[in-house]
1. Residues G101, G94: which one is within 60 Å of the chain's Cα centre (by Cα), modelled with pLDDT under 80 and not in a helix (DSSP H, G or I)?
2. What residue, of A131, A155, A180, is free of Cβ contacts under 8 Å to residues at least 24 places away in the same chain and over 22 Å from W59 (Cβ atoms)?
3. Name every residue in segment 298-345 that is hydrophobic (A, V, I, L, M, F, W, C), touching a residue at least 60 places away in the same chain (Cβ under 8 Å), crowded, with 17+ Cβ neighbours inside 10 Å and assigned to a helix (DSSP H, G or I), in order of residue number.
4. Of the numbered conditions (1) modelled with pLDDT under 90; (2) touching a Lys or Arg at 6+ places or on another chain (Cβ under 6 Å); (3) of a type in the set (A, V, I, L, M, F, W, C), A352 fails exactly one; give the number of that condition.
5. Just to verify a result, which residue in segment 441-488, among those that are closer than 24 Å to E429 by Cα and touching a His at 6+ places or on another chain (Cβ under 6 Å), is surrounded by the fewest Cβ atoms within 10 Å (Cβ to Cβ)?
6. Among the candidates E150, E219, E170, which residue alone is more than 23 Å from A275 (Cα to Cα), modelled with pLDDT of 75 or more and of a type in the set (D, E)?
7. Of the residues A36, A106, A120, A78, which single one is over 23 Å from H26 (Cα atoms) and more than 45 Å from the chain's Cα centre (by Cα)?
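The values are calculated or read from the model by the stated rules, or taken from the named source; none is laboratory data. From a predicted model like this one, the values you see are computed outputs, not experimental measurements. We place every Cβ from the backbone using ideal geometry, glycine too, and count neighbours over all the protein chains shown. With ligands, DNA and RNA removed, areas are computed over all heavy atoms of the protein, side chains included. Shrake-Rupley method; radii C 1.70, N 1.55, O 1.52, S 1.80 Å.
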Amino acid sequence: MSPATPPDEALRTFLAAGHLNQAAEHCLELGNARRASALFEQACAFAEASDAATRAGDWRGAARLAALAADDALVVRALDKLVSESSDEARKEGVALTIRGQHRYAAWVFDRIEDMAEAASAYERAELPLAAAHAHARAGQIAKAARLLECAIQAAGDVGGNSYRVALGELYAVHGKHEAAANHLQAVPGDAPERPRALELLCSSLDALGLRDGIAALEAEWKSLGGHESGGAHGAALGFTDSQAKAGSVAVTIFGRYRVLREVAVTPHARLLHAIDELSGEEVAVKWLAATGSSRGRDALARFVREAQALAALRHPAIVDLRDYIERGPAMVLEWMSGGGLDDLLVRQTFAPARAAQVASSVLAALGVAHRMGILHRDVKPANLLFDGLGAVHLADFGAAHWSASQATVTEGVIGTLAYMAPEQRRGEAASAASDVYAVGVILHEMLTGSPPDGRTTPSGSHPDLTEAHDAVIRKMLRHEASDRYASVAEAQRAIALLTWSKRSVEREERAVESSPGGTKAPTAEETGRYGVATSPANRPGEAPYLKHDRVLAREVLLLPATDEHLARAARLARASHPALPAVWGTSDDGRFLIVEPALGEVAGAISEAEHARLFEALSDIHE
C-alpha cells in the first residue's frame, strides 16, 4: 500500500480483505487504541486487545480481555489499575467475570477490592479451597472456612489432605481454638513435607493448652527441624508468650467453639467450666467428664449419659437447658446460671416466705414435666437448684434420674444427699414421685426456717407471718410413708398456691430467738450440729471412733473417710443389695465422709444354720 493512500481508505482496505490484525495495528499507528482493541478482540487476539485497551485507559476492558487471554500478568496489571481508579467499576467487572464463568479472575477482583465474602464464593467456584478458606476467614466467617477445609481433607484423602490439615490447624490456632488445632495437626505424618509447619503450630497449641508434657514428647523432632526450645517460642508463633498462656491471658477454646473463662468446680470425674460460645456469643457452662476407663469411671459415664438423655428429653423454663452434647468429650454444654446455687444462697441470705414458696412451686412444676415423661429426679437438693441472672430457679443435675420408678432404688449405686432423701429411699426401696415431693418439702422447710426438718423448728415458729396452715402443707410433703404425702407434685403445688405467703423477710437472728425453747436464746452450735456422740451401748470409747448419732435421721451412723478403698467397697455393697449387708446411705454434703449403716452389737455364741445361709447369700452377691 502506497504512502499516498488515505488512512481511512487503508483501514477500509484491510477490513475488506479480512486482515483484522493489520487493521488493528493501523489503528494503533493512528492513535486510536480503543478501535484497535475492538479489532484485536474481533480477531480473537485477546492479549493484544487487552494491551490496546490499556493504552486507551479502558482498564475494565483490559482486565476482561486479559482474562480471555488467560494471561495472569496482564490481568493483574489491569485489575490493579481498575481498582486504583474505581472500585465500583472493578466490582462490575467481577460480576461480569462471574457471569462468564471466569471464577478465578472474578475472585481476584473481589479479593483486591476486599469484598471477601464474594471473593470466597468465587474461589470456591474456581475449586481453590485454600484461597477460599483464607477469604472466608478474612470475612470473619470462621465456621465456613473450617467446614470448607474439612471437606477438602475428606476429598483429598490421607496424603493429599495434609496441606489442608495444616491450613485448618493454623486457622483454629490463630483464633484460639487450640484443642481443635492440635487434633488436626497431629494427623500430619512425620514424613510429610508439611510436617515442619504442622509441628510448629502443634507446639504452639499445646503450649496454649498448658500441655507441657506433650511439647516435651515432640522436643527431639522439633530440634531436628531447627526449632527452638519449648516454651515461649512456641507461643510467640501465634503472637503470645508462654508467660501469658500460663497467666491465663490467652483464651483456651475447647471443642472448637467454647472459649473458657474460668474453672468453676472439679470433682473426681468431671470439670465444670464457665465459657463463651463463640458462635452464639452467649455464656454457657461446660460439664466435661473425665476418667471413664475404670469401673468407677464407667459408673460416672453411665450417670453422665443418663443426665444428658434426661435433659435432652425435657424442655421447661425451670429446668437447666441442654445446649449441646459432645460425644467425643464427653461433655454437656448447659445454659449458664449466673445466680449460683440455692446451697450458697441459704448460707448468705434469708428467704421471704413468698420467695421460698415461689422457688418450691417452680421446682415442683419442673418435676411435674419430668414425672409425666416417666423420669424421677431422685436427687433434688439445694446444690441442684440454680438461679439465672434474673433470679429464676432452674432444676439441674439429672444424673441420678431414672426412667422407671420400679427399679429406682438407692442400692443401685446412685445415691442422693441423705438429708433430702425420702425415707423409702434411705431404706433402699423404690423411689416414686412422692420421693421428689419429699425432697422439695425439705428444701421449702429449710428456706423458711434456716435448717432441714429436725423435729424442733417449724415454719410458723420461725416467721411471725406463717401459720399452722403453712406447717400442715409442709408436714404432708414430709410424711414418713409415701402414700400419706401429696399424690403428685401438681397436688403439692396447688396446696402451696392456695395459701398466702408473706413477702416480709425475717433475719436469721430473729428466727433463732423465736424458734428456741421459750423464745429466749438460739441453740448452740453443738446443739444444732448434725452429727453428735453416739448413744448406743455398743459405742464403747476407743472401739468405734467413726460411730456418730445423726440428729436428722435420729439414728446411729458410721462415718468413714471417703477414700478410694472405702468408696470401692461401698459400691460393691450397694450393687449387692442384700439385707444381710450394711446399707450404704450416701456421702456427707462436703464429700469427705461415706455414710454407712453400722453393724451394732456382737454375736453371742455360734450362729444358726439359717443365719449361716443368709450370710453365704450375701457373700455370693458381693462376689458376683
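1. None of the others qualify; the one that does is G101.
2. A155
3. Listed by number, the residues that qualify are F304, A310, L311, L342.
4. Exception for A352: condition (1).
5. Step by step, filter segment 441-488, then rank; the result is P453.
6. E150
7. Values: A36 fails: over 23 Å from H26 (Cα atoms); A106 fails: more than 45 Å from the chain's Cα centre (by Cα); A120 fails: more than 45 Å from the chain's Cα centre (by Cα).
None of the other options fit; the residue is A78.
Matching residues to (1) open to solvent by 10 Å² or more (accessible area, probe 1.4 Å); (2) within 22 Å of the chain's Cα centre (by Cα); (3) of a type outside the set (G, A, S); (4) within 24 Å of S505 (Cα to Cα):
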position: A354; (1), (2), (3), (4): yes, no, no, yes
position: L364; (1), (2), (3), (4): no, no, yes, yes
position: A370; (1), (2), (3), (4): no, no, no, no
position: M373; (1), (2), (3), (4): yes, no, yes, no
position: K381; (1), (2), (3), (4): yes, no, yes, yes
position: F387; (1), (2), (3), (4): no, yes, yes, yes
position: L390; (1), (2), (3), (4): yes, yes, yes, yes
position: D397; (1), (2), (3), (4): yes, yes, yes, no
